[in-house]
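Have a look at the structure below, then the notes.
The values are calculated or read from the model by the stated rules, or taken from the named source; none is laboratory data. Everything numeric here is computed off the predicted structure, so don't read it as measured data. All Cβ positions, even for glycine, are placed from backbone atoms using ideal geometry, and neighbour counts span all protein chains on display. What goes into the accessible areas is simple: the full protein's heavy atoms, side chains included, and nothing from ligands, DNA or RNA. Shrake-Rupley method; radii C 1.70, N 1.55, O 1.52, S 1.80 Å.
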Amino acid sequence: MALVVIDAASTYGIKPGDGKDYTEELQAACIKASKVVDQEHDPCQLVLPPGPINHSQTLVVRGSSAGAPWLHGSYGDGFDLQSTKLVWKGSQDVLQFYGESFNRGRIWDIAFDGQDKAGRNIHIGGNKFEDPAQLKASSGFRLQRLK
């Protein structure tokens, strides 16, 4: 098993601080990272660049029984230009980030700025199985240095 690293800036053209809405690019990067873990059974780290990255829809990262992707930002003092900051530009009271089946997933060095509009910043959900009797809570995930 080799760690697969996806650089969101170079692969998906995400340029923090330019005012653009990067919802589509962020979601595409999250889907790719999820597929690497689920289909290739390799750990995958999605690296987000430093600076404010705007998005207007809930970002969804899906894990599986194989695990979940790791989202890694850059840590400044949390809200300066050297830190990765996901900035909510969507509707009032909408969830900013959803980790589904986020077993063994990680999120670190990312600030979630809901702009006093997002209903919640982060929700980590349980596993999804065909059989509801198999529904379990996500486990073993890490959230480190979030703001």
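Odds and ends about this structure:
- Test: residue in the range 73-88 that is in contact with a helix residue (DSSP H, G or I) (Cβ under 9 Å, 6 or more places away or on another chain), within 20 Å of TYR22 (Cα to Cα), modelled with pLDDT of 70 or more and not acidic (Asp, Glu): yes
- Residue match in the range 125-146 (condition: in contact with a Leu (Cβ under 8 Å, 6 or more places away or on another chain), at pLDDT below 90 and crowded, with 17+ Cβ neighbours inside 10 Å): yes
- Of residues in the range 16-42 being part of a loop (DSSP other than H, G, I, E, B) and out of contact with any helix residue (DSSP H, G or I) (no Cβ under 7 Å at 6 or more places or on another chain), the one nearest to PHE102 (Cα to Cα): HIS41
- Looking only at the range 56-74, and only at residues there that are within 23 Å of VAL87 (Cβ to Cβ) and assigned to a strand (DSSP E or B), the one that is most open to solvent (accessible area, probe 1.4 Å): ARG62
- When residues of the range 89-102 are limited to those that are more than 18 Å from PRO43 (Cα to Cα) and open to solvent by less than 30 Å² (accessible area, probe 1.4 Å), the one modelled with the highest pLDDT: GLY90
- Any pair with Cβ under 9 angstrom, 6 or more apart, that starts in the range 101-119 at a residue that is over 15 Å from LEU71 (Cβ atoms) and ends at one that is among the polar types (S, T, N, Q) and open to solvent by less than 10 Å² (accessible area, probe 1.4 Å): ASP113/GLN96; GLY114/GLN96; ALA118/GLN96; GLY119/GLN96
- Residue match in the range 103-124 (condition: surrounded by fewer than 21 Cβ atoms within 10 Å (Cβ to Cβ), within 30 Å of MET1 (Cα to Cα), at pLDDT below 90 and in contact with a helix residue (DSSP H, G or I) (Cβ under 8 Å, 6 or more places away or on another chain)): no
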